[in-house]
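Chemist: Following this message is one structure expressed as structure tokens.
The values are calculated or read from the model by the stated rules, or taken from the named source; none is laboratory data. Fair warning: this is a prediction, and the values are worked out from it, not measured in the lab. Here the Cβ positions follow ideal geometry from the backbone for every residue, glycine too, while neighbour counts run over all protein chains shown.
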Amino acid sequence: MNYGLFAILLGFLAVIGLNNKTIVVTVWPKIVKQASLIFSVLSLYIVIAWWYQYETSQNGFQLISPVYNLSLGLDGVSLWLVLLTVIIIPISLLSNWNNIKIGVGKYNILILLLGIILLVNYLCIDLLSFYIFFEASLVPLFVLIGIYGANNKEKAAYYILIFTFTSSLFLLLSIVVTTYMINTTSCLIYSQFVLSLDLQILLWIGIMIGILVKTPLFPFHVWLPVVHSESPLGGSIILAGLILKLTVYLIIRWILPFLAEASVIFYPTVFIICVLTIIYTSLTTLAQIDLKVIIAYSSISHMGVCIIGVFANNVLGIEGSYLLSLSHGFISPGLFIAVGGILYDRYHTRILMYYQGLLSFMPVFALYLLVLSFANIGTPLSGNFLGEFLSLSGAFQRSPIFTTLASFSILLSATYQMKLTSRLTGGIKSPYLKVTKDLTNRESILMLSTILPCLLIGVYPIFILKSLYFNLSNVIYLF
């Protein structure tokens, strides 16, 4: 693993080295973009090599490597999130391939830096390093939105900084108390300790304040639609596809095994918050007219289902939450590319009522959008269906009443998603729309890169579950 990480770091430094003014101005942006894409693809090959070395039938961390006193390793929980990270980063680079005209080198460097930070974040096997990289990802994201965002980019950048950084202070306090009590931050050791119930409750509340904002859940969700609406497309893809998954990973890695009794006590509170999140955000989505805001609210609703599944504290719920996180990590970026990339690049507006009848002159785009929409509402053979089904099945064993209310997410998601899809593709062509060409090869590759993994998860999930199952024995607390 050391050699792979050093290779990734050297590739990143090489991209920074190309970001200079000595190259001809007309050639330089193209060279930087190509070098960034090649580097991201090479990182994907390195992670695939790690995946090939990983033994799915073994429990615990593998490929443990100390890198400058930083302990890194892979297990069944982090393996697929690492793979998701290195798949999303090339997609993020390709999504803004043509519409970033100024500061191309800085934009690509920020995207790659975000990818490296998130990659190391999932590889860390101690809490302090996780928190450091957890917060470090805010810096390039803040700069990315502040420079390359839309008209209200400063507001969006400060929204994400203030909301997430403030809530993470409570998370830091919980880490400090944990380190003081057990004198270690290693995930390999701390799960062997049993704390008093009062201390567990205090630590659990501190951690959950950070998770409620970072996920985000009601009533701390207000920053996400603002950030998505003003963020550049690559920032929205990384935020929806990768950063929101950090909370599910943190719950599985820290809260469930270490604060098990507090999780048992507070799971009704979590279920109530998630049900309110699902119903409120789904109803709010029906009233939105901004395409990116609609997708952002749908992401909040799906993350509510993920949190319900993981706090069910059984095999079905945790596996479903994990599969839904992975599938949502592909489908949500695909929808952002469709509405915030393909359509916005052609018509420079995100207002829903502006569009109608795209099926008549963009049939390939309409087909991809229809597939993404059906996957987003949890149609069978998609990863979202399997993830939602297992999450709700696991939660039903814990609380049938709250799970029944949460199941309305299926109806509500179908309502707002089909409203969006039928408005964009159905009917006669809007008189405000000029006839444009259908998808380019680059755009088709982007669409297929998000659709095919989701279908693979839905059709053949056992290749993920067999590596995840052996690590759940360290997570589940039986009661």
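Chemist: Select the helices (runs of 4 or more DSSP H) contained entirely in the stretch 188-238, then report the ones holding at least 1 residues which are of a type outside the set (Asp, Glu), at pLDDT 85 or above and within 23 Å of Ser129 (Cβ to Cβ). Give the derivation first.
Modeler: On the way: elements: 197-214, 223-230, 233-238.
Ranges flagged: 197-214, 233-238.
Chemist: Next question, about the same structure. Could you run through the stretch 399-422 and say how many residues are assigned to a helix (DSSP H, G or I) and either surrounded by fewer than 19 Cβ atoms within 10 Å (Cβ to Cβ) or free of Cβ contacts under 8 Å to residues at least 60 places away in the same chain (or both)?
Modeler: Kept after step one, since they are assigned to a helix (DSSP H, G or I), are these residues of the stretch 399-422: 400-406, 408-422.
Keeping just the survivors that are either surrounded by fewer than 19 Cβ atoms within 10 Å (Cβ to Cβ) or free of Cβ contacts under 8 Å to residues at least 60 places away in the same chain (or both) gives 400-401, 404-405, 408, 410-411, 414-415, 418-419, 421-422.
Within the stretch 399-422, residues that are assigned to a helix (DSSP H, G or I) and either surrounded by fewer than 19 Cβ atoms within 10 Å (Cβ to Cβ) or free of Cβ contacts under 8 Å to residues at least 60 places away in the same chain (or both) number 13.
Chemist: Hey, another quick one. Identify the residue in the stretch 360-378 that is part of a helix (DSSP H, G or I) and surrounded by fewer than 18 Cβ atoms within 10 Å (Cβ to Cβ) and, among all such residues, is nearest to the chain's Cα centre (by Cα).
Modeler: Of the stretch 360-378, the ones part of a helix (DSSP H, G or I) are 360, 363-376.
Those still in the list that are surrounded by fewer than 18 Cβ atoms within 10 Å (Cβ to Cβ) too: 360, 363-364, 367, 370.
Details: Ser360: 33, Pro363: 29, Val364: 26, Leu367: 24, Leu370: 22 Å.
Per the criteria, the residue is Leu370.
Chemist: Name the single residue that is modelled with the highest pLDDT among those in the stretch 43-92 being hydroxyl-bearing (Ser, Thr, Tyr) and part of a loop (DSSP other than H, G, I, E, B). Before the answer, list the steps.
Modeler: Residues of the stretch 43-92 hydroxyl-bearing (Ser, Thr, Tyr): 43, 45, 52, 54, 56-57, 65, 68, 71, 78, 85, 92.
Then drop every residue that is not part of a loop (DSSP other than H, G, I, E, B), which leaves 54, 56-57, 68.
Values: Tyr54: 84, Thr56: 76, Ser57: 74, Tyr68: 73.
The residue in question is Tyr54.
Chemist: Does Gly76 meet the test of being buried (at least 19 other Cβ atoms within 10 Å of the Cβ), touching a Phe, Trp or Tyr at 6+ places or on another chain (Cβ under 9 Å) and of a type outside the set (Asp, Glu)?
Modeler: On the way: buried (at least 19 other Cβ atoms within 10 Å of the Cβ): yes; touching a Phe, Trp or Tyr at 6+ places or on another chain (Cβ under 9 Å): yes; of a type outside the set (Asp, Glu): yes.
Judged against the criteria, Gly76 is a match.
Chemist: Right, something else. Thr269: of a type in the set (Ser, Thr, Tyr) and touching a Lys or Arg at 6+ places or on another chain (Cβ under 6 Å), yes or no? Give the derivation first.
Modeler: Working: of a type in the set (Ser, Thr, Tyr): yes; touching a Lys or Arg at 6+ places or on another chain (Cβ under 6 Å): no.
Answer is no for this residue.
Chemist: Then there is this: Check Val67, Val120, Val77 and return the single one that is more than 19 Å from the chain's Cα centre (by Cα) and of a type in the set (Val, Ile, Thr). It would help to see each step written out before you state the result.
Modeler: On the way: Val120 fails: more than 19 Å from the chain's Cα centre (by Cα); Val77 fails: more than 19 Å from the chain's Cα centre (by Cα).
When all the criteria are applied, what remains is Val67.
Quick grid of which residues meet (1) among the aliphatic types (A, V, I, L, M); (2) at pLDDT 85 or above; (3) within 30 Å of Leu259 (Cβ to Cβ); (4) surrounded by fewer than 21 Cβ atoms within 10 Å (Cβ to Cβ):
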position: Pro380; (1), (2), (3), (4): no, yes, no, yes
position: Ser393; (1), (2), (3), (4): no, yes, yes, yes
position: Thr436; (1), (2), (3), (4): no, no, no, yes
position: Val459; (1), (2), (3), (4): yes, yes, no, yes
position: Ile462; (1), (2), (3), (4): yes, yes, no, yes
position: Phe470; (1), (2), (3), (4): no, no, yes, yes
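Chemist: Continuing with the same structure: Identify all residues within the stretch 124-150 that are assigned to a helix (DSSP H, G or I), under 21 Å from Ile255 (Cα atoms) and in contact (Cβ under 8 Å) with a residue 60 or more places away in the chain; write none if there are none. Talk me through it step by step, then tell me what you get.
Modeler: Step one: list which residues in the stretch 124-150 are assigned to a helix (DSSP H, G or I), which gives 127-136, 138-148.
With under 21 Å from Ile255 (Cα atoms) added as a condition, the list becomes 127-135.
Hits for the stretch 124-150 are Leu127, Phe130, Phe134.
Chemist: If only one of Thr247, Thr285 is within 18 Å of Leu335 (Cβ to Cβ), hydroxyl-bearing (Ser, Thr, Tyr) and in contact (Cβ under 8 Å) with a residue 24 or more places away in the chain, which one is it? Don't jump to the end; show me each part of the working.
Modeler: On the way: Thr247 fails: within 18 Å of Leu335 (Cβ to Cβ).
Result: Thr285 is the single residue among Thr247, Thr285 that is within 18 Å of Leu335 (Cβ to Cβ), hydroxyl-bearing (Ser, Thr, Tyr) and in contact (Cβ under 8 Å) with a residue 24 or more places away in the chain.
Chemist: How about the stretch 254-299: which of its residues are over 20 Å from the mean Cα position of the chain (by Cα), charged (D, E, K, R) and in a helix (DSSP H, G or I)?
Modeler: Within the stretch 254-299, Glu261 is the sole residue that qualifies.
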